[in-house]
Every structure is written in structure tokens, then in C-alpha cells.
Amino acid sequence: MKRSVTVLLTLLLLFAIALSACAQQQAPPVEQSTQESEQEPAATEVTAIIGFTESKTGNLNVESTRQTNGLNLWMKHVNDAGGIQLSDGSVVKFEGISYDDESNKDRVQELYVRLATQDNATFLISPYSSGLADAAAVIAEQYAKVMITTGAASDSTYQKGYTLVYQAYTPASHYLTGALDLLEATDPSVKKIAIVHENDKFSTDVSTALQTYALEKGYEIVIFEGYDSGTADFAPFINKIIDAAPDAIMGGGHFADGSTFAKQLYEKNVSVKFVSLLVAPPEVTFADIGAAAQGIIGPSQWEPLAAFTEAGAQKAGIEWYGLTGADFVADYMADYTEEPSYHAAGGYIAGLILQRAIEKAGSLDTQAIKSALDSLDMLTFFGHTKFDTNAANHGLQLGHSMVYIQWQDVDGKLQKQVVWPPEGVTADLVYPLH
């Protein structure tokens, strides 16, 4: 009997164990109190050093400071937006390293060597002015650093065989050629032009380039004469202009002489259809000469009222990139409590050009960036950007046109209006002048 009971208990125990095992196999997994979710690994952040000098002291201080303000605003915008993502998933943010070049060429070269070697700058931005930018360019090329030049219009820097230096500004040789394009588009019948210019290097170079361009287009240059810097009496030149009876007058030099020349043309009641002068007309204080300012045209690298838009880019068949002019002006004024000059816009566009090249390249590799810059063709708030890629002029700006303003009477008050190029106009050209 005992044995039978023992066997029965053993069988029951084995049956219980089997049921337990089966239940464990069929039971659903226990829910965890904490749900684990897959997360993307954090992107690697890379810091790119933007190296440049600025004239905190010296005669170029005002323009240079504004250029630096614009560049710093660009860096702030990019960094605040999260940086630029590269093709490998890493994200680039920017840090600026700069020194005071004291508006001195020798100091510029010393400091750009330091930026390229000790500071290991990833990219370089030029100092303000053609002379200082030219001094920096040779260092950029020597140390194989991509450099965007801004605040520098001289053509000659890009005729020295450099391959990594790119110009943001319209070259000096095109300062007034756009005015001729405007005249041609407005009145193809015009053929006689008088060119009267200051005898300094800049004004002479600009006017000589204009003369060459005009002759190529079949215009007759009835006067080509220079006047000494500081000239205050333009009567001898105006008498020659009256005798030659041109349809258009172009040239000029700087603010004082340009303002005086325009005023005396008005006082002598010179009958002419079109007047475009260097430097003076874009300045706000040009309006101080009163009615003599009305109708006068002048070139500027950029103006706050220039209406470059995405629609304009589509019409021109090129890429639109970056913020609008209104947004740039608003953001700049918020940070610096002054309306931005074209020097400030030049600082910002230097960064924006570099930003687009990095995005297109998908890396920080120098040759990849170079290839991207070579292929760049875009419209921004600053205007058109496209570079010459031929060895003889590599990096020279081809796309950007000067913005041409004209002083017009708007409800009894003189105001600047953009009249050229077509993508940026704010008003029709008042023509003929007289």
C-alpha cells in the first residue's frame, strides 16, 4: 500500500512540474516598467576657424569695422541655426579669430601667416581694401587656404595665378560699365559719351575700363579727360562738354569733386540725357546739393533698398540662396543699431558664399570647396555671384553687378532709387535728364 501511495505521489509531482514548464513557455513576456526607445547617436560637431584681420586702428577703421560686423552676424546666424551638416553626418559650426592689422600691409602679411600656421584657420576672409586684400592673398595661396576677399575691388589680385582666392565685390573694371548697360537698354540711339574723371589711380582705372567697353560697343567718346584731385572749378571741362554736345556724361572721382561737378553741371544748365558719377551719388549727403542731385546716377556695391528676390532669381534662371535684404537689414540694425552700409553687406556675403560652397562640397576639404566655388552661380540679397575659372583671372567676380542708384523726386523729396540691374530695381529710370 505504501509503495502504491509513493508511486502515485511521484506521478502527481511529475505532472505538476510538466504543467508548470508548459505555462512558463506560453506566458507572455513581462512588461518592463521603463520603455527603451532607439535614439540617433548625437552628430559629431566640428569647429571651423574663420581667420581674418580687421583695421581696428588706422585710416580704414570705419569701413573695416562694418565689414567685420557683417561677417560676425553671418557666423551668429549659422551657429544659431545649428551649423552646416556635412555628407558624413558631422555638423560644422564657426569660430572667428582676428587681429588688428592697423591698416598696414606688412602687418597683414605677418598676421595671415600666423592665422594659417599657429591658429590653423580653416578658411580665410580678406581684410578691407584692395591693397590689404592683395597682401593677404599671397599668404592664402602659399599656405593652401581658401580665402574669400571682400571690401576689395582691384582686378589685379586675380591675375597672379592664384587658385584659392575668390572675389565677392564687383571688380573696379566694371564699376561704370553697368551704367553703360543701363543706358544702352534705355536708349539704343545714344552714341556720344563724355568721360571726365579724377586723375587718381582708382578713378582713372575705372574710366579707362569704361572707355574700352564703350568703344567695343560702338560708342563715340567725344571727351576723355582727367582733372586734378581737389579740383573745385569745372568750368573748363564743362565748356568742352557743351561744345562736344554728348548725350551722356560719365566719370567723376570721389565725394567732394563729384558733388561739385554735378552742382556746376546743373548751374550751367548743361543739356544732357544721362549722368553717372563715381562714389559721390550713393552717399546720403549727396542730396545736400539739392536740385542738382536730381537724376544723377551712381554705382554702389549694395544698397539696403535693392530688391533682389527669389522671384528675380527664378526669372534670371539662377539659384536663390540665403536671407532677404529686409531680413539682413533688420538683423544688422538689431545688433549694431545702425543701417548697414555695403561694407557690412560685404562682410556677410563673404560668409554666405563660403557657407554655400561648404554645403555643395559636403566637406571641409580644400579641393572640394574650390570645386564648389568654381561652380557657384547664385543670387542673394547682395546680388549675383559667379567666379571666373580661367587661369588668367581665376577667382575674379563675374556675376555681381554694381547697384546703380538714381536720385529722384518722390512727392517733393529727393530719394535714392535703384535703377539697375533689372533684378533689383525699385523704380524706373528717370530719362532723359534734360
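Looking at the structure I just gave you, is T163 in contact with a His (Cβ under 8 Å, 6 or more places away or on another chain), among the hydroxyl-bearing types (S, T, Y) and surrounded by fewer than 21 Cβ atoms within 10 Å (Cβ to Cβ)? So T163 passes the test.
Looking across region 44-79, the residues that are in a helix (DSSP H, G or I) and either over 20 Å from the mean Cα position of the chain (by Cα) or of a type in the set (S, T, Y) (or both) come down to S64, T65, T68. The residues on offer are T366, T337, and the sole one that is at pLDDT 95 or above, over 16 Å from the mean Cα position of the chain (by Cα), surrounded by fewer than 20 Cβ atoms within 10 Å (Cβ to Cβ) and among the β-branched types (V, I, T) is T366.
The rows are residues; the columns are (1) in the same structural domain as I193 (by TED's automatic domain parsing); (2) closer than 22 Å to A153 by Cβ; (3) touching a Lys or Arg at 6+ places or on another chain (Cβ under 7 Å); (4) not in a loop (DSSP other than H, G, I, E, B).
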| position | (1), (2), (3), (4) |
| --- | --- |
| F224 | yes, yes, no, yes |
| I242 | yes, no, no, yes |
| G251 | yes, yes, no, yes |
| F261 | yes, yes, no, yes |
| Y266 | yes, no, no, yes |
| V279 | yes, yes, no, no |
| F286 | yes, yes, no, yes |
| Q314 | no, no, no, yes |
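When L364 is tested against the conditions (1) in a helix (DSSP H, G or I); (2) not assigned by TED's automatic domain parsing to the domain that holds K268, the lone failure is (1). Among the residues of region 193-230, those that are at pLDDT below 95, over 13 Å from L176 (Cβ atoms) and not acidic (D, E) comprise N199, K201, S229, G230. Considering D233, D247, D228, the condition of being closer than 19 Å to L433 by Cβ and of a type outside the set (V, I, T) is satisfied by D247 alone. Out of V91, V146, one residue alone is surrounded by fewer than 21 Cβ atoms within 10 Å (Cβ to Cβ) and β-branched (V, I, T). It is V91. The selection criterion, being at positive phi, of a type in the set (G, A, S) and surrounded by fewer than 21 Cβ atoms within 10 Å (Cβ to Cβ), does not hold for G96. Restricted to region 317-339, and to residues there that are outside any helix (DSSP H, G or I) and among the hydroxyl-bearing types (S, T, Y), the residue that is farthest from T68 (Cα to Cα) is Y321. Inspection of region 393-414 finds no residue satisfying the criterion of being out of contact with any Phe, Trp or Tyr (no Cβ under 7 Å at 6 or more places or on another chain), within 23 Å of A140 (Cα to Cα) and among the polar types (S, T, N, Q). Counting the residues of region 196-226 that are over 26 Å from the mean Cα position of the chain (by Cα), among the charged types (D, E, K, R) and surrounded by fewer than 21 Cβ atoms within 10 Å (Cβ to Cβ) gives 5.
Taking each residue of region 141-157 that is of a type in the set (K, R) and looking for partners that are in a loop (DSSP other than H, G, I, E, B) with beta-carbon atoms closer than 7 Å, six or more apart or interchain, yields K145/A121; K145/L164.
Conditions (1) closer than 25 Å to S401 by Cβ; (2) touching a residue at least 40 places away in the same chain (Cβ under 8 Å), marked per residue:
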{"position": "H343", "(1), (2)": "yes, yes"}
{"position": "Y348", "(1), (2)": "yes, yes"}
{"position": "G351", "(1), (2)": "yes, yes"}
{"position": "K360", "(1), (2)": "yes, no"}
{"position": "L364", "(1), (2)": "no, yes"}
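Being under 25 Å from S341 (Cβ atoms), assigned by TED's automatic domain parsing to the domain that holds G351 and of a type in the set (A, V, I, L, M) holds for only one residue in L164, L132, and it is L132.
This table checks each residue for (1) part of a loop (DSSP other than H, G, I, E, B); (2) of a type in the set (F, W, Y); (3) buried (at least 18 other Cβ atoms within 10 Å of the Cβ).
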residue	(1), (2), (3)
A372	no, no, yes
T385	no, no, yes
T389	yes, no, no
A392	no, no, no
S401	yes, no, yes
Q408	no, no, yes
V419	no, no, yes
L429	yes, no, yes
L433	yes, no, yes
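The values are calculated or read from the model by the stated rules, or taken from the named source; none is laboratory data. Here the structure is a predicted model, which means the values were calculated and not measured. Counting neighbours? That spans all protein chains shown, and the Cβs are built from the backbone with ideal geometry, glycine included.
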